[in-house]
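S.K.: Supplied in structure tokens, the structure appears directly below.
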Amino acid sequence: MASVQIADVRKAYGSTQVIHGVDIDIDDGEFVILVGPSGCGKSTLLRMIAGLENISGGEIRIGPKVVNDVPPKERDIAMVFQNYALYPHMTVADNMAFSMKLRKAPKAEIEERVTRAAQILGLANLLERYPRQLSGGQRQRVAMGRAIVRDPQVFLFDEPLSNLDAKLRVQMRTEIKELHQRLKTTTVYVTHDQIEAMTMADKIVVMHDGIVEQMGAPLDLYDNPNNLFVAGFIGSPAMNMLKGKITAAGFEAVNPKGGASLVWPIGKAPAGSEGREAVYGVRPEHVRLDPNGIKAEVVVIEPTGSETQVVVRCGGQELTCVFRERITAQPGESIGISPDTSVTHLFDAASGKRL
Ligand SMILES: Nc1ncnc2c1ncn2[C@@H]1O[C@H](COP(=O)(O)OP(=O)(O)O)[C@@H](O)[C@H]1O
Ligand SMILES: [Mg+2]
């Protein structure tokens, strides 16, 4: 196992800069997830760690060693791809053994490692099958088995669950997390799915357009997003955001319909922020039903059984709310809501930075 240090790493394809100086410290044994929208540079960064892309600037270290110019097979990493990349003409056992055979490891050692990986992943009775005889989830497990067999310093995963159906994705999420708790191998995992990131990571790195927007423990990002991008990206359904200004009475939201503007209560406004143009953020799950609260018109009700998601209209804006309770109100009727002001957010309107 090893730490990974990414220092001021840049990548350009021709004259197009796609990674603009990224710094990430990954501790030995840590499970780090790079998350961000499609095209933000996650795969490029991962492939630079793997050595599959050269590095245009900066430095990558695996353990104490700078690996900028070290070829992939000497980096002691194992990568798992979205499309699994199994050899169709080889059995499960041969797929898993392939890299060790290639480097001419002793037969007994290969067998021992393949058997162990198969046990860990529940593949022991599938070792003689071919990839075409496996389900998507089983193929994914074989791809992980192939990585485990190599016993690398670092695991790299690029959207490994994207080809699986929703139920299997949730199951594999748990399996990968469990696997990491067992093996404790340093892991860098790429996904565009913030739920995957929230549920699996020790540390999340939120990327956007080739930069790191914020880095931290999952719940820390959820509780204290540094800026509007992270606030909108982490959490589902997404945080409600209202434009307006901070006043002595609270937050005066702009009414885009031109009617009267609503004043939203805020916990503690930062000193000297009165009069400032800002964005008010409140997560759907932090809005409560409150007969004495703000009057809001019900637009859509979506019960899931465990909770009720409701879109309401108030002050000319639509807001999503998630209530623990079931509600009897019908679309068009009015309900009272109030935000939990201990967990509302304020961002500067111009810079998008947290106030
Ligand atoms: N070989 C390449 N040549 C030119 N541009 C590329 C190449 N590979 C990726 N890019 C560009 O780099 C950016 C980041 O891509 P990528 O790392 O694949 O994003 P992600 O994995 O986050 O979806 C994108 O704008 C993509 O178009
Ligand atoms: Mg990608």
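S.K.: Considering segment 53-69 alone, what residues qualify as being more than 16 Å from ligand 2 (Cβ to nearest atom) and not in a strand (DSSP E or B)?
M.R.: Initially, segment 53-69 is screened for residues more than 16 Å from ligand 2 (Cβ to nearest atom), giving 54-69.
Across segment 53-69, the qualifying residues are N54, I55, S56, G63, P64, V67, N68, D69.
S.K.: I need a count of the residues in segment 70-86 that are away from ligand 2 (no atom under 16 Å from the Cβ) and farther than 18 Å from A2 by Cα.
M.R.: Selection size over segment 70-86: 1.
S.K.: From I6, I19, grab the single residue that is more than 12 Å from ligand 1 (Cβ to nearest atom), surrounded by 22 or more Cβ atoms within 10 Å (Cβ to Cβ), assigned to a strand (DSSP E or B) and modelled with pLDDT of 95 or more. Explain how you work it out, then say what you get.
M.R.: Working: I19 fails: more than 12 Å from ligand 1 (Cβ to nearest atom).
Testing whether each residue is more than 12 Å from ligand 1 (Cβ to nearest atom), surrounded by 22 or more Cβ atoms within 10 Å (Cβ to Cβ), assigned to a strand (DSSP E or B) and modelled with pLDDT of 95 or more leaves just I6.
S.K.: Give me the residue from segment 1-26 that is within 18 Å of the chain's Cα centre (by Cα) and of a type in the set (D, E, K, R) and, out of that set, farthest from ligand 2 (Cβ to nearest atom).
M.R.: Among them, the one singled out is D25.
S.K.: Checking A50 against (1) buried (at least 16 other Cβ atoms within 10 Å of the Cβ); (2) more than 16 Å from ligand 2 (Cβ to nearest atom); (3) not hydroxyl-bearing (S, T, Y), which test does it fail?
M.R.: Exception for A50: condition (2).
S.K.: Next question, about the same structure. Looking at R146, R113, which is the one that is basic (K, R), in contact (Cβ under 8 Å) with a residue 12 or more places away in the chain, under 16 Å from Y87 (Cβ atoms) and part of a helix (DSSP H, G or I)?
M.R.: Numbers: R113 fails: under 16 Å from Y87 (Cβ atoms).
When all the criteria are applied, what remains is R146.
S.K.: Limited to segment 149-162, what total is found for residues that are part of a strand (DSSP E or B) and within 16 Å of ligand 1 (Cβ to nearest atom)?
M.R.: Going residue by residue through segment 149-162, those that are part of a strand (DSSP E or B) are 154-158.
Going one step further and asking which of them are within 16 Å of ligand 1 (Cβ to nearest atom), we end up with 156-158.
Of the residues in that region, 3 qualify.
S.K.: Report, by residue number, each residue of segment 32-88 that is β-branched (V, I, T), more than 19 Å from the chain's Cα centre (by Cα) and either within 15 Å of ligand 1 (Cβ to nearest atom) or outside the structural domain of E196 (by TED's automatic domain parsing) (or both). Working first, answer last.
M.R.: Going through segment 32-88, the residues β-branched (V, I, T) turn out to be 32-33, 35, 44, 49, 55, 60, 62, 66-67, 70, 77, 80.
Going one step further and asking which of them are more than 19 Å from the chain's Cα centre (by Cα), we end up with 55, 60, 62, 66-67, 70, 77.
Within segment 32-88, just I55 meets the criteria.
S.K.: Considering each of Q138, Q171, Q181, Q119 in turn, give the residue that is in a helix (DSSP H, G or I), in contact with a Leu (Cβ under 7 Å, 6 or more places away or on another chain) and polar (S, T, N, Q). Spell out the reasoning first.
M.R.: Details: Q171 fails: in contact with a Leu (Cβ under 7 Å, 6 or more places away or on another chain); Q181 fails: in contact with a Leu (Cβ under 7 Å, 6 or more places away or on another chain); Q119 fails: in contact with a Leu (Cβ under 7 Å, 6 or more places away or on another chain).
Just a single option satisfies the conditions, and that option is Q138.
S.K.: Here's another thing I want to ask about it. List pairs: first in segment 167-182 and closer than 16 Å to A197 by Cα, second of a type in the set (S, T, Y) and surrounded by fewer than 18 Cβ atoms within 10 Å (Cβ to Cβ), Cβ under 7 Å, 6+ apart or cross-chain?
M.R.: R173/T199
S.K.: Quick check on segment 144-160: of everything there that is within 16 Å of ligand 2 (Cβ to nearest atom) and not acidic (D, E), which residue is modelled with the lowest pLDDT? Full working, then the answer.
M.R.: The first filter runs over segment 144-160 and keeps only residues within 16 Å of ligand 2 (Cβ to nearest atom), leaving 156-160.
Okay, now just the ones that are also not acidic (D, E), so 156-157, 160.
Working: L156: 96, F157: 95, P160: 90.
Among residues in segment 144-160 that are within 16 Å of ligand 2 (Cβ to nearest atom) and not acidic (D, E), the one modelled with the lowest pLDDT is P160.
S.K.: Does L168 fit the bill of being within 19 Å of N83 (Cβ to Cβ) and away from ligand 2 (no atom under 16 Å from the Cβ)? First the steps, then the outcome.
M.R.: Numbers: within 19 Å of N83 (Cβ to Cβ): yes; away from ligand 2 (no atom under 16 Å from the Cβ): yes.
Yes: the conditions hold for L168.
S.K.: Shifting gears a bit: Looking at S99, is it at pLDDT below 95, of a type in the set (S, T, Y) and either within 16 Å of ligand 1 (Cβ to nearest atom) or under 30 Å from D165 (Cα atoms) (or both)? Can you show your working first?
M.R.: Numbers: at pLDDT below 95: yes; of a type in the set (S, T, Y): yes; either within 16 Å of ligand 1 (Cβ to nearest atom) or under 30 Å from D165 (Cα atoms) (or both): yes.
Yes, satisfied.
S.K.: Could you grab me the full set of residues in segment 130-142 that are closer than 17 Å to A85 by Cβ and not small (G, A, S)?
M.R.: Within segment 130-142, Y130, P131, R132, L134, Q138, R139, Q140, R141, V142 qualify.
The values are calculated or read from the model by the stated rules, or taken from the named source; none is laboratory data. If you're wondering where the values come from, they're calculated on a predicted model, not measured in any experiment. No Cβ is skipped: glycine too gets one built from the backbone with ideal geometry, and neighbour counts run over all protein chains shown.
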